[in-house]
Amino acid sequence: MSEAAELGRAVAALRSGEPVAFPTETVYGLGADARNPAAVQRVFELKGRPSAHPLIVHLADAGHLDAWAERIPEPAHRLAARFWPGPLTLILPRAAGVLDVVTGGQQSIGLRVPSHPLARRLLEAFGGGIAAPSANRYGRVSPTTAAHVREEFGAELPIVLDGGPCSVGLESTIVSCLDEILVLRPGGIAVPELEAVVGPLRAARRGEGPRAPGTTLAHYAPRTPLKLAAGAAFEALAAEPRLAVLARHAPRVGFLGAAWLDAGEEATRYAHDLYANLRELDRLGAAAILVEAVPPGIEWDAVRDRLARAAAACDAEELA
Ligand code: TXA
Ligand code: MG
């Protein structure tokens, strides 16, 4: 099918209330018409996501903001002007008419203008807002290729637009612009870049700011138990058999494990590959996935966040 025909089919599906998976520059999204409560409900069911967890509404451009948000503070306008289209989600006071099912009943809404060309074409052709969480089952590793989405949903999700591998590979940075400007989730745009536009920013402490369930501790988990370790502890664990290892350097001679991926020392590249690497290691049936902890620098914040959550999710499952 030509791309135009695929887009046409996707738009028709959205208009008739069906979900559609589509690429963004961060991760693939599982989208539905944000004005159709039954369609949004279907996304929650497919994903297995608790209904109180709000979805991000994706827009073709910032010109549509007023239909979705009101009392937009000036710093939010500046962030939108600088970073949209791009991997930034703004939490704003919601406009009248925004569905409760989209916001999890909250008075705020998450909005984002993605930069992926296919996402933009889909949004322009559809003409409305597309509510979309990442296109993975709840709590699992986010998808960065169309094949990952098909692995997650199979025949339950017939329309998956294929826009190739996502260029960023981690979710958007979420900034709450309500009473105070707060970073709720580190992501595709680093905090210093945001600070260059709006001045010093604070990360929300746990439980602070609007409820943002993707920021609960257990998330982004492969099925194989994942362990994080640094330095000598990592090297000692890596010598054990049957492990699938995600490191930032080559294995020692005589490595006996199931697999060793060297994801390198460069944060952007590491982030781009992270979810695909976790999926690859998860397929091996190893005893555990051992991940070498990443360095302390700001450029690793989003990766460190996702790895900590993946490890916490595995701990939680071990306890359950
Ligand atoms: O990069 C991304 O943000 C991807 C792509 C598809 O755009 N989407 C994504 O969606 O990561 P999801 O649903 O997996 O994570 C969205 C996060 C959740 O942590 C949710 O709680 C938060 O956004 N969120 C959405 N609306 C919110 C609101 N009104 N208030 C607070 N948090 C909100
Ligand atoms: Mg997600």
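Using the structure shown, decide if GLU18 is open to solvent by 60 Å² or more (accessible area, probe 1.4 Å) and within 22 Å of GLU152 (Cα to Cα). I'd like the intermediate steps shown before the answer.
Values: open to solvent by 60 Å² or more (accessible area, probe 1.4 Å): yes; within 22 Å of GLU152 (Cα to Cα): yes.
It is true that GLU18 is open to solvent by 60 Å² or more (accessible area, probe 1.4 Å) and within 22 Å of GLU152 (Cα to Cα).
Taking region 1-38 as the search range and keeping residues that are hydroxyl-bearing (Ser, Thr, Tyr) and more than 18 Å from the chain's Cα centre (by Cα), which one is farthest from ligand 2 (Cβ to nearest atom)?
At the first step, the residues of region 1-38 found to be hydroxyl-bearing (Ser, Thr, Tyr) are 2, 16, 24, 26, 28.
Narrowing further to those that are more than 18 Å from the chain's Cα centre (by Cα): 2, 16.
Details: SER2: 30, SER16: 25 Å.
Within region 1-38, the match that is farthest from ligand 2 (Cβ to nearest atom) is SER2.
Of all residues being among the β-branched types (Val, Ile, Thr) and open to solvent by less than 10 Å² (accessible area, probe 1.4 Å) in region 99-136, which is farthest from VAL183 (Cα to Cα)? Just the residue, please. Reasoning before the result, please.
Applying the first criterion (among the β-branched types (Val, Ile, Thr)) to region 99-136 yields 101-103, 109, 113, 130.
Still in the running and open to solvent by less than 10 Å² (accessible area, probe 1.4 Å): 102-103, 109, 113, 130.
Details: VAL102: 21, THR103: 18, ILE109: 15, VAL113: 18, ILE130: 23 Å.
If we take residues in region 99-136 being among the β-branched types (Val, Ile, Thr) and open to solvent by less than 10 Å² (accessible area, probe 1.4 Å), then ILE130 is farthest from VAL183 (Cα to Cα).
Which residues, taken from region 273-284, are farther than 14 Å from HIS148 by Cα and crowded, with 19+ Cβ neighbours inside 10 Å?
Going residue by residue through region 273-284, those that are farther than 14 Å from HIS148 by Cα are 284.
None - no residue of region 273-284 is farther than 14 Å from HIS148 by Cα and crowded, with 19+ Cβ neighbours inside 10 Å, so the list stays empty.
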| Considering region 62-90 alone, what residues qualify as being open to solvent by 20 Å² or more (accessible area, probe 1.4 Å), closer than 21 Å to ARG120 by Cα and hydrophobic (A, V, I, L, M, F, W, C)? | ALA62, ALA67, ALA81, TRP84
| said: Between a residue in region 74-86 that is assigned by TED's automatic domain parsing to the domain that holds PRO192 and any residue that is of a type in the set (Lys, Arg) and surrounded by 22 or more Cβ atoms within 10 Å (Cβ to Cβ), which pairs come within a Cβ distance under 8 Å, given they are 6 or more apart or on different chains? | reply: TRP84/ARG112
| Close pairs (9 angstrom Cβ cut-off, 6 or more residues apart or separate chains): free of Cβ contacts under 8 Å to residues at least 12 places away in the same chain in region 46-63, surrounded by 20 or more Cβ atoms within 10 Å (Cβ to Cβ) and not in a loop (DSSP other than H, G, I, E, B) anywhere | none
| query | Can you tell me which residues in region 153-198 are open to solvent by 20 Å² or more (accessible area, probe 1.4 Å), in a loop (DSSP other than H, G, I, E, B) and more than 23 Å from ARG121 (Cα to Cα)? | reply | LEU178, ASP179, GLU180, PRO186, ALA190
| request: Could you tell me whether region 152-171 includes any residue that is of a type in the set (S, T, N, Q) and within 11 Å of ligand 1 (Cβ to nearest atom)? | output: no
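ARG150 - would you say it is over 14 Å from PRO222 (Cα atoms), out of contact with any Pro (no Cβ under 6 Å at 6 or more places or on another chain) and either without any contact (Cβ under 8 Å) to a residue 60 or more places away in the chain or open to solvent by 20 Å² or more (accessible area, probe 1.4 Å) (or both)? Walk me through how you get there before you give the answer.
Details: over 14 Å from PRO222 (Cα atoms): yes; out of contact with any Pro (no Cβ under 6 Å at 6 or more places or on another chain): yes; either without any contact (Cβ under 8 Å) to a residue 60 or more places away in the chain or open to solvent by 20 Å² or more (accessible area, probe 1.4 Å) (or both): yes.
The answer is yes for ARG150.
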| query | How many residues are open to solvent by less than 40 Å² (accessible area, probe 1.4 Å), modelled with pLDDT of 75 or more and more than 16 Å from ligand 2 (Cβ to nearest atom) when one looks only at region 199-219? | reply | 3
| note | Those residues of region 57-70 which are of a type in the set (Asp, Glu) and part of a helix (DSSP H, G or I) amount to ASP66
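For region 220-272, how many residues meet the condition of being part of a strand (DSSP E or B) and either within 16 Å of ligand 2 (Cβ to nearest atom) or open to solvent by less than 60 Å² (accessible area, probe 1.4 Å) (or both)? Talk me through it step by step, then tell me what you get.
In the first step, residues of region 220-272 are kept if they are part of a strand (DSSP E or B); the result is 221, 226-229, 243-247, 259-262.
Next cut, either within 16 Å of ligand 2 (Cβ to nearest atom) or open to solvent by less than 60 Å² (accessible area, probe 1.4 Å) (or both) only: 221, 226, 229, 243-247, 259-261.
Matching residues across region 220-272 total 11.
Out of the residues in region 21-56 meeting the condition of being assigned to a strand (DSSP E or B) and open to solvent by 10 Å² or more (accessible area, probe 1.4 Å), tell me which one is nearest to ligand 1 (Cβ to nearest atom).
To start, the set of residues in region 21-56 that are assigned to a strand (DSSP E or B) comprises 21-22, 29-33, 56.
This time we only want the ones that are open to solvent by 10 Å² or more (accessible area, probe 1.4 Å), so: 33, 56.
Working: ASP33: 15, ILE56: 5 Å.
Looking at residues that are assigned to a strand (DSSP E or B) and open to solvent by 10 Å² or more (accessible area, probe 1.4 Å), I get ILE56.
The values are calculated or read from the model by the stated rules, or taken from the named source; none is laboratory data. Owing to the predicted nature of the structure, the values given are computational and were not obtained by experimental measurement. As a convention, Cβ positions derive from the backbone with ideal geometry for all residues, glycine included, and neighbour counts pool all protein chains shown. For the accessible areas, the whole protein counts, side chains as well, though only heavy atoms, and no ligand, DNA or RNA atoms are used. Shrake-Rupley method; radii C 1.70, N 1.55, O 1.52, S 1.80 Å.
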